[in-house]
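The values are calculated or read from the model by the stated rules, or taken from the named source; none is laboratory data. Computed from a predicted model, the values in this text were never measured in an experiment. Here Cβ is always computed from backbone atoms with ideal geometry, including for glycine, and neighbour counts include all displayed protein chains.
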Amino acid sequence: MSKREYTHNGIQVLVYESRQEMGAAAAQAVAACLSELLEQKEEVNMIFAAAPSQQELLSALAANRSIAWDRVNAFMMDEYIGLDAAAPQRFSSFLDEHIFSRCSFRKIYYLTGEQEQDCQAYAALLQRYPADIVLMGIGENGHIAFNDPHTASFDEQVLIKPVTLDRECRMQQVHDGCFPSIEQVPEQALTLTIRALLRVPHQFCVVPSEAKREAVTRAVTGEVSTSCPASILQTTGRTRLFLDTQSGRDLLSLLDHDKE
């Protein structure tokens, strides 16, 4: 498995030849982290992103039978508001298909998409079970979770909030093949806030595909600003960013130039 590795602005960047290699490497790193944590504590709390960008990672994790999933509590990162409970596009459905139904977790805590219920109950759960690991991606507009540029805040104190999704974010759901048209993409969602994500000690960010290369470059080399919410990852010193050559192409050019 070939990789190129850099550290820039506090982010460990690992670039692989393909999505499959990227996902397998990220899964191996997550599994090692889980193993180490479970040597220190009885159970681990873990936040999962739901997106096609995470499929290779989740598939490799689900296939890893050495992981003691029965000692892992699973949490969701976000969920649409107003989408039918049986809709296949729900993030709970995605995670059920790709990992939740395939592994025997100690407990799975679902977001229901009910605004008042989730904002109170889920925040309480996140306080009661502080997350040890978060698996996240970066959106085409630079979002992390559903913290789009126009709603992202680096200062808010809440752990979960309702948001109105911007057009670029909603179009990404069409580009990803989740919805046939933007008119069918919900306009609102519940999301864990940036504060909720940043306080997690082990942060694994997996971002493949050509469509993400500008957002990836801004996140790693740009100004820390809500215009690219993922840029806040520069401040933690705890993020491992897994890319394929498509998403990392522009970033590689910049980082290789800096080495010269």
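For segment 203-260, a residue qualifies if it is more than 15 Å from Y6 (Cβ to Cβ) and among the hydroxyl-bearing types (S, T, Y), and the qualifying residues are S209, S225, T226, S227, S231, T235, T236. Listed here are the strands (runs of 3 or more DSSP E) enclosed by segment 3-51 that have at least 2 residues being buried (at least 16 other Cβ atoms within 10 Å of the Cβ): 11-16, 44-48. Among the residues of segment 167-193, the one identified as in a loop (DSSP other than H, G, I, E, B), within 18 Å of the chain's Cα centre (by Cα) and acidic (D, E) is D176. Within segment 186-200, none of the residues are closer than 17 Å to P52 by Cβ and among the polar types (S, T, N, Q). In segment 71-92, the condition of being assigned to a helix (DSSP H, G or I), touching a Ser or Thr at 6+ places or on another chain (Cβ under 9 Å), among the charged types (D, E, K, R) and surrounded by 18 or more Cβ atoms within 10 Å (Cβ to Cβ) is met by no residue.
Of all residues in segment 52-70, count the ones that are part of a loop (DSSP other than H, G, I, E, B) and either touching a Gly at 6+ places or on another chain (Cβ under 9 Å) or of a type outside the set (S, T, Y) (or both). Please lay out each step first, then the result.
Narrowing segment 52-70 to residues part of a loop (DSSP other than H, G, I, E, B): 63-68.
Keeping just the survivors that are either touching a Gly at 6+ places or on another chain (Cβ under 9 Å) or of a type outside the set (S, T, Y) (or both) gives 63-65, 67-68.
The number of residues fulfilling the criteria is 5.
Checked against the criterion of being surrounded by fewer than 19 Cβ atoms within 10 Å (Cβ to Cβ), of a type in the set (S, T, N, Q), modelled with pLDDT under 95 and over 30 Å from V224 (Cα atoms), the candidates Q117, Q157 yield just one match: Q117.
Taking the numbered list (1) of a type in the set (V, I, T); (2) touching a residue at least 60 places away in the same chain (Cβ under 8 Å); (3) out of contact with any Gly (no Cβ under 8 Å at 6 or more places or on another chain) in turn, I144 passes all entries but (3). Name every residue in segment 66-85 that is farther than 13 Å from I133 by Cα and among the hydrophobic types (A, V, I, L, M, F, W, C), in order of residue number. Hits for segment 66-85 are I67, A68, W69, I81, L83, A85. When I133, I108, I99 are checked against the criterion of being in contact with a strand residue (DSSP E or B) (Cβ under 8 Å, 6 or more places away or on another chain), surrounded by 15 or more Cβ atoms within 10 Å (Cβ to Cβ), over 22 Å from P208 (Cβ atoms) and not aromatic (F, W, Y), a single residue qualifies: I108. For segment 1-31, a residue qualifies if it is touching a Gly at 6+ places or on another chain (Cβ under 6 Å) and within 14 Å of R238 (Cα to Cα), and exactly one does: G10. Restrict the check to segment 178-190 and report whether at least one residue is within 18 Å of E140 (Cα to Cα), in contact with a strand residue (DSSP E or B) (Cβ under 7 Å, 6 or more places away or on another chain) and surrounded by 20 or more Cβ atoms within 10 Å (Cβ to Cβ). Yes, segment 178-190 contains at least one residue that is within 18 Å of E140 (Cα to Cα), in contact with a strand residue (DSSP E or B) (Cβ under 7 Å, 6 or more places away or on another chain) and surrounded by 20 or more Cβ atoms within 10 Å (Cβ to Cβ). Any residue that is among the hydroxyl-bearing types (S, T, Y), within 23 Å of V30 (Cβ to Cβ) and assigned to a strand (DSSP E or B) - is there at least one of those in segment 221-229? No: zero hits.
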